[in-house]
1. Restricting attention to segment 301-327, report how many residues are out of contact with any helix residue (DSSP H, G or I) (no Cβ under 7 Å at 6 or more places or on another chain) and either within 14 Å of residue 248 (Cα to Cα) or surrounded by fewer than 21 Cβ atoms within 10 Å (Cβ to Cβ) (or both).
2. Please enumerate the residues belonging to segment 323-342 that are at pLDDT 95 or above and outside any strand (DSSP E or B).
3. For segment 57-77: of the residues being free of Cβ contacts under 8 Å to residues at least 12 places away in the same chain and surrounded by 13 or more Cβ atoms within 10 Å (Cβ to Cβ), which is farthest from residue 163 (Cα to Cα)?
4. Check whether at least one residue in segment 165-184 is modelled with pLDDT of 95 or more, in a loop (DSSP other than H, G, I, E, B), surrounded by fewer than 20 Cβ atoms within 10 Å (Cβ to Cβ) and out of contact with any strand residue (DSSP E or B) (no Cβ under 9 Å at 6 or more places or on another chain), and report yes or no.
5. Yes or no: segment 124-135 includes at least one residue that is surrounded by 15 or more Cβ atoms within 10 Å (Cβ to Cβ) and within 23 Å of the chain's Cα centre (by Cα).
6. Can you name every residue in segment 124-138 that is part of a loop (DSSP other than H, G, I, E, B) and touching a residue at least 12 places away in the same chain (Cβ under 8 Å)?
7. Being in a loop (DSSP other than H, G, I, E, B) and surrounded by fewer than 14 Cβ atoms within 10 Å (Cβ to Cβ) is the filter here; which residues of segment 224-233 pass it?
8. Yes or no: segment 352-360 includes at least one residue that is in contact with a strand residue (DSSP E or B) (Cβ under 7 Å, 6 or more places away or on another chain), under 24 Å from residue 241 (Cβ atoms) and at pLDDT below 95.
């Protein structure tokens, strides 16, 4: 009888052990492989870009494409100006649909919606400024698609969508999306003051979450958070090729209480969720590996949310910089930008890629 009990006990232990191993294997298998996801997303982008390019005439293709090494790849901006690339204005309906399909491979439903609304805001801005119909300074069709290099799973290549208050830059290398920044979104007006769409606010959450976080700080914490009573008149890094900023200022994540950390993460996620989940996940992982305690939040300008009261904030760590400025046009004009301080335009990733290629690794 003791031998039987011993045998049953052994069988039970073996069964539990095998169950745990099986569960662990299943759990591991359920975890998404980030490299696989990046490759899948790059493949989707490649297919969408290739499909779009096939719809173009020879002249349109010449206008839309550049060698990957061309300096035009770094010539990004968010003001209304003449641009290189193929604008929506010069596309037919089939081409426009194919162009927007490219954008959907990179942006989430949230981000795609914001991008479309930013373009459409040009109509409202034109009406508010009283511009005549023939004036095309404000035009929802003056958004340009530009491609660099040959879209392929084996080569480095990139693309950009850009126009007033919108600049989205993507780079792919060795079959993976290697960079999703710089990424600029803005809105003028920030809040539509009158007309049929009075009250419309495209970048509402970016403002409301930041003010909620600001209001949660104690007077002692605010001494660290607030850098000054006057907001800068623009995002500090502007349209620089490489964002350069001194050591992070403000309050760091570790000095926030649990509720403040939750609000901070919600604000951070508002920017990350503009991308498709796998692309956002790459940047999120980079932030977490650098350490959340490296994250800082800083503020300048008014502490009260109101049109006419300029304010600015930034989220800053050694690997990422997010800026928000609402100071122009009587503080009803928002600029936001996301910069990967280690890999804008995939410059760091490409250095590694070329090094390995050179040494045959």
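1. Of the residues in that region, 7 qualify.
2. 327, 328, 329, 330, 331, 332, 333, 341, listed by residue number.
3. Once the filter is applied, the top-ranked residue is 61.
4. No, there is no match, as no residue in segment 165-184 is modelled with pLDDT of 95 or more, in a loop (DSSP other than H, G, I, E, B), surrounded by fewer than 20 Cβ atoms within 10 Å (Cβ to Cβ) and out of contact with any strand residue (DSSP E or B) (no Cβ under 9 Å at 6 or more places or on another chain).
5. no
6. Listed by number, the residues that qualify are 137, 138.
7. 229, 230, 233
8. yes
The values are calculated or read from the model by the stated rules, or taken from the named source; none is laboratory data. Keep in mind the model is a prediction, meaning the values are calculated, not measured. Please note: Cβ atoms are built from the backbone with ideal geometry, for glycine as well, and neighbour counts cover all protein chains shown.
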